[in-house]
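Here is the structure we will look at.
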Amino acid sequence: MIYQFAQANLVWLIPGLPLLGFLFHAFLGKRMGKSVVGGIATAVVFASFAISVYVLMGLMSHPEELRRAQVSLLPGSDLTPWIEIGAFKVNYGALIDPLSMLMCLIITGVGGLIHLYAVGYMAQDKDFSRFFTYLNLFIFFMLTLVLGDNLLLMFVGWEGVGLCSYLLISFWFEDTENSKAGNKAFIVNRIGDVGFALGVMAVFATFGTLTYHTPQGSGFLDLAAKGIAPAIATAIGLLLFVGACGKSAQFPLHVWLPDAMAGPTPVSALIHAATMVTAGVVMITRVSPIIVQSPIAMTVIAVVGLFTAVFAATIALTQNDIKKVLAYSTVSQLGFMFLGCGVGAFSAGMFHVTTHAFFKALLFLGAGSVIHALSGEQDMRKMGGLAKRIPITYWTMVIGWLAICGVPPFAGFWSKDEILGLASGAPSWGVVYYVVGLATAVMTAFYMTRLMYKTFWTKQRFVEAGHDAHGHGDHADTEPDAGHGHGHGVHESPPKMWIPLAVLAVLSAIGGLIGTPWANKFEHFLEPSIAKHEAHHLFAPNIGLLIGVFAAAAGILLGRALYSKKMETGELLTAEEKAKNPLYQGSANLWYIDGWAYRTFVIWGGGFATAVWQWIDKILIDGMVNAVAAVIGFTSELFRRVQTGYIRAYAMSMLVGVVLVVAGLLLGSLGKH
Amino acid sequence: MPDKSVIIGDMQAILPMIVLWVTASVIALGDVSLWKRGNKAINPLLAIVGVLVAFKFLVNTPRVASGATAFAKSLAIDPLGQISGIALLVTAVLSILLAWTYLKNRGLDHAEYYVLLLLSLTGAMMMASANDLIVLFLGLEILSFGLYVMAGFARTEERSEEASVKYFLLGAFGSAFLLYGIALVYGATQSTNLEQIRATLSSSSGAPGPMLLAGIGLLIVGLGFKAAIVPFHQWTPDVYEGAPTAATAYMAGAAKIGAFAAMLRVFGALTPVAASWLPAIQILAIVTMVFGNLLAVTQTNVKRLLAYSSIAHAGYLLVAIAALPSETVNGIASNAPDLAVGGALFYLFAYVFMTLGAFGVLVYLSSKGRDVQHVNDLRGLAKREPAAAYAMMFFMLSLGGIPPTMGFMGKWQIFYAAVTGQQIMLAIVMALTSAMAVYYYLRVVWVMCFEETTEAAAPEPVARTGAMAAIMLAAAATIVFGIAPNLLNAITGMGP
């Protein structure tokens, strides 16, 4: 099943170039000009993209059953073992197949565009080179995650992107809130990572290898495809899914993602929308041969995904921070992807990963452009009337909006519909999946329409920055969002920022056409990478499409009906009505999950940790350690005296040693006989 | 035991050594005639070229997995010899780079240094491939003579002279024991050839006689002196401190590799009577690990600290030697001997990179009026010389055995060999003493990063390129091979 082809020999460059970029920025970035740093950072990612395309062309030139290659990630070497300890053998190698190459294209393609955008967005930041150091490092780890030919390399990438995410969320660490958000993300992800690590160990314990596929068919996925006990499949599947829940922000580990918006907006677009948060979906898809053998794991994945989708959508309805709306929307869309995985529609899930990368990156970058235009303002209550002021941003956002709402023929329509259609045919609960999913789709269309109204269509509610005493002079240091050099009031973003918007808008508009139900090239493309699993529609695809159109239209028209009457304020409810309405309060307060978790885990847990620190660590353990140290120090001082510096003393001690060794050997043999 | 029936050409076998010898001669003669007053940089350059050519010939020597012999079976051409040879040549390259900087900055820039270095390197390589106790002795002496003079190379300095004399006198004492040991072993087995000795020992059924036992005891002492094993270690701190830093670096690397390559070979041959000498090695390993680390704790001179650290590392390497005879464990054939040899060789590489790197940082900082060797000289280094300080940090972390460095991987491999070979006690002591070691290594890091400079700015050293190159090479190796240990195996042909 494994085939080598010439183009695959270039694969090491795909992660290698961003790594070089990272090293360059880390060591020389501070001495270089911003144009050099930004240029190199962007160029390496686009170069990786070009190589990915080239490798993919090589892959596609082979018949379907040969579209899988395994090559070393070290240039010019055979498949070098990375770690070899007894039976434990792990390569530093890449698995080239449609799934990994698809992710490479998304990561480097969308990533490259976001790099370009960030050059403009971060132009005034004093830590410009530090930003691109992290960003290139992120791309390297993300590529390692998807390219690695074994679970351990995926784990390395997984932890690496987690690190970069942490560093970038708290990029403006002078503000304590940002550091706290970074900590929150990192700590919540720990919970998931423990699950992932246990899953990796379970795979090794079961199969004795962590490699996905080998030419001999001895990879763990090869072995799993031959059939394994459902209990084992369930255990592995659920453990790995815990990991996926952490990274991909599924309930109840979703709490970190909205806070992660504290990072610069390009980071939100790249890491917390387009790439890293989809790693969980990629991982579940990668191990699909195991997942499909456990109905329990499948159901859990589908139910958690579905619940997360609807739950996050209800929160997105009331958020006022433009990035928070998009963040909850991301959580919700990730839920859709897992719903797809849970009903065995892995390729539909990956299709949604792809289209979501286009339109959510677009929406985030658009939001960034809005924020940029308003000198750092993120509160939608203080926006409005921006449609004519920043037309390029506006029109690209419109396309993103249509795509996420599920209006044909835009990208989101096809992928969301495929997931819902296949979910409807799930053997149990199919109807529930479908109805709840559809309701979520209506809500999605509604809250996105709300976002468009509040930002672009309602009357202007902000004070022009030129007259505002609170201009960007105050913010320039702490909120580089605000610190654009040429700002006098609202303005369109520079070309570096709107070109990526335009490209993503084109992709969001037509990118879904590769996966229409009539000619699903996408599903066919991914076939070699994923497990075969029968998934059915409850009704003919065409009817499903029609219902999907109605759902999108319902959400949009509802939004229009309500907001077109409130063009002055952009608010549906008055402050009083809001305070009285328990549903509104619940949604606005994130259904009290964050507060509850904070009280339970942070306050109580913190108290427990403090007690342990004060009583056990400081008194007991430190006391023991200090006592040992004192004894060692004393003994060392004592024996130091023996080192007199006189040759005669040294010779004497040697002689004593000789006598002891020889006498010991002789006496030892006497004792034995 | 490997069957060493293959015989390869005598000259081909010693070609690397010949190249080193020729290079030494060219430098010696050229310096007094051709480039008498010219640019002195030609000497280290020639030396490096010579070492690289020797390297080329060494890797081109046919690799015979089970080993081949030359010169009537007195030299072994096998992976052990070839890989320790590579380690020695790496040591030489780094040492020459360091010497280039150090000698120039301290006004000691004489060609003789490189001549001595190359000649003693020849001896170390001979020692590493010796298949005969006499050849081993010869190699050890050739190695040592060079080292004695290099230790006293700063002739005008009392400390350097003292180091040289101490090393020479105690070295002579140690060599005498080794020679006596060889004589006794010969008396007991009628041979000085290691294969022959092994064959004789495995065929004789009775208990080893007193002559053999005393001989083995003295071999342990003689080699233990070179390897700096407690209680034959006391020269180490004084000589390391007194010798010019560049010479200390070379000495630390070459002598250790030569001694342990020889020990792996000698004790491999003595495996049939392992029951009699294993307890001695075990006790010496424990004593060496404990005292090496214990005494390092209170050192305030970095060169002395590294000397005790090198003693402690000798203790870890002895653990590998102790795992050598475990050819069977509970009646089942075990791969512990292979793991022990592989682990020890990997550790020697790690030791070379991290120790020479650490000495390299001292060399890098030393100038004409100031020989940097006290811990306080490193205060605030992270601000003054960030590149050197960060490299030093990696060396210290590696010496302390903290991942992802080479020191960790090496220690781990020896640990694994020890556990596989049922040397549990040694593994435990190794882990505990390693923990102790972290204290004094991290103190150096602490001083560099968190304490303020107290002294006035020192005169800028004349040339530092060589030292910086050596430091960077060593630091890169420490990290890269720590992350991808198999890469080293791929390069050197080590491992399965």
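A few notes on this one:
- Here's how it looks for B:Ser367: its modeled amide H is under 5 Å from those of B:Val372, which are all 5 or more places away or on a different chain.
- Loop-located trypsin sites (Lys or Arg not before Pro) across segment A:1-100 with a Cβ neighbour count of 11 or fewer within 10 Å are lacking, with loop assigned by DSSP.
- Secondary-structure-derived ellipticity at 222 nm for chain B, considering helices only, amounts to -25000 deg cm²/dmol, per-run term -39500 (n - 2.57) for DSSP H runs with n ≥ 4.
- Principal axes of segment A:292-586: Cα extent on each, largest first, Å: 63, 46, 32
- Degrees between helix B:79-105 axis and first principal axis of chain B (Cα, 0 to 90, nearest 10): 20 degrees
- Rounded percent of accessible protein surface that carbon and sulfur make up, the protein assembly as shown, 1.4 Å probe: 69 percent
- Descending principal axes extents, segment A:1-118, alpha-carbon based, whole Å: 48, 36, 19
- For segment A:566-657, applying the loop criterion from DSSP together with a ceiling of 12 other beta carbons within 10 Å to the chymotrypsin sites (Phe, Trp or Tyr not before Pro) yields A:Tyr646.
- Neighbouring partner chain Cβ atoms per residue of B:474-486, average, 10 Å criterion: 2
- Nearest-20 debye value, segment A:617-673 charge dipole, Cβ charges on Lys, Arg, Asp, Glu: 280 debye
- Alpha-carbon gyration tensor eigenvalues x 5, square-rooted, for segment B:310-465, Å: 38, 14, 11
- The calculated P(r) of segment A:488-621, using every Cα pair and 5 Å bins from 0, goes 2, 7, 6, 8, 9, 9, 11, 13, 12, 9, 7, 5, 3, 1, 0 in percent.
- Amide N of segment A:303-321 lying under 19 Å from the label point, which is placed 7 angstrom from the Cα of A:Ala588 along Cα→Cβ: A:312-321
- Between A:Ala611 and B:Asn301, the simple spin-label model (points 7 angstrom out along Cα→Cβ) gives 5.4 nm.
- A:Thr209, B:Thr300, B:Thr355, reordered so the largest accessible area comes first (probe 1.4 Å): B:Thr300, A:Thr209, B:Thr355
- The 3J(HN,Hα) values that the Karplus relation (6.51, -1.76, 1.60; θ = phi - 60°) gives for segment B:33-42 are, in residue order, 10, 6, 10, 3, 10, x, 6, 6, 5, 5 Hz. Gly and Pro appear as x.
- Mean Cβ neighbour count within 10 Å, used as a protection proxy, ranking A:158-164, B:20-26 highest first: A:158-164, B:20-26
- For segment A:501-604, the set of GluC sites (Glu not before Pro) satisfying both a DSSP loop assignment and a count of at most 13 other C-beta atoms within 10 Å is given as A:Glu534, A:Glu568.
- Helix A:322-342 and the longest principal axis of the C-alpha atoms of chain A enclose an angle of approximately 70°.
- Pairwise Cα separations in segment A:589-634 fall into 5 Å bins from 0 onward with the following percentages, short to long: 5, 20, 14, 13, 11, 10, 8, 7, 5, 4, 2, 1, 0.
- Expressed in Å, the radius of gyration and Dmax of the Cα atoms of the protein assembly as shown are 34.7, 111.
- Amide proton proximity set for A:Asp321, modelled H, under 5 Å, gap of 5+: A:Met380
- Cα centroids of segment A:511-541 and segment B:301-375: 59 Å apart.
- Approximate shape of segment B:57-143 as ellipsoid semi-axes (Cα gyration tensor, √5λ), whole Å, largest first: 29, 15, 8
- Integer Hz, Karplus 6.51/-1.76/1.60 couplings in order for segment B:208-220, x for Gly and Pro: x, x, x, 5, 5, 4, 4, x, 4, x, 6, 4, 4
- Only helices enter this figure: runs of n ≥ 4 DSSP H residues, each worth -39500 (n - 2.57), summed and divided by the residues of chain A, yield -20500 deg cm²/dmol at 222 nm to the nearest 500.
- 27 Å Cα-Cα reach of A:Lys416 towards lysines, excluding residues that sit fewer than 8 places from it in its own chain: A:Lys247, A:Lys323, A:Lys324, A:Lys360, A:Lys454, A:Lys521, A:Lys532
- Links that overshoot a 31 Å alpha carbon limit, given the list B:Lys104/B:Lys226; A:Lys180/A:Lys565; B:Lys73/B:Lys256; A:Lys30/A:Lys184: A:Lys180/A:Lys565
- Taking amide H as placed 1.01 Å from N in the peptide plane, the amide H of B:Leu75 sits under 5 Å from that of B:Ala70, B:Asn131, each at least 5 places away or on another chain.
- Scaling against 2.2 N^0.38 Å puts the C-alpha radius of gyration of segment B:4-492 at 0.92.
- Per-residue mean of C-beta atoms belonging to partner chains within 10 Å, peptide B:165-176: 2
- P(r) weight above 22 Å for segment B:263-343, C-alpha pairs, percent: 33 percent
- Across every direction, the projection of the convex hull enclosing the Cα atoms of segment A:565-673 has a mean area of 20.1 nm².
- Residue by residue along A:639-645, Cβ atoms of other protein chains within 10 Å of the local Cβ number 4 on average.
- Expressed as a fraction of 2.2 N^0.38 Å, the C-alpha radius of gyration for chain A is 1.09.
- Karplus-based coupling profile of segment B:392-408, in residue order and whole Hz: 4, 4, 5, 4, 5, 4, 5, 4, x, x, 10, x, x, 9, 5, x, 5, with θ = phi - 60° in 6.51 cos²θ - 1.76 cosθ + 1.60 and x standing for Gly or Pro.
- Computed from the C-beta positions of A:Val432 and A:Gln216, the FRET efficiency with R₀ = 41 Å rounds to 0.40.
- Peptides A:497-505, B:171-179, A:147-155 ranked from most to least packed by the mean count of surrounding Cβ atoms within 10 Å: A:147-155, A:497-505, B:171-179.
The values are calculated or read from the model by the stated rules, or taken from the named source; none is laboratory data. Treat the numbers as computed from the prediction; the structure is a model and nothing was measured. All Cβ positions, glycine included, derive from the backbone under ideal geometry; neighbour counts span all protein chains shown. To get the accessible areas, we keep the full protein, side chains included, count just its heavy atoms, and leave off ligands, DNA and RNA. Shrake-Rupley method; radii C 1.70, N 1.55, O 1.52, S 1.80 Å.
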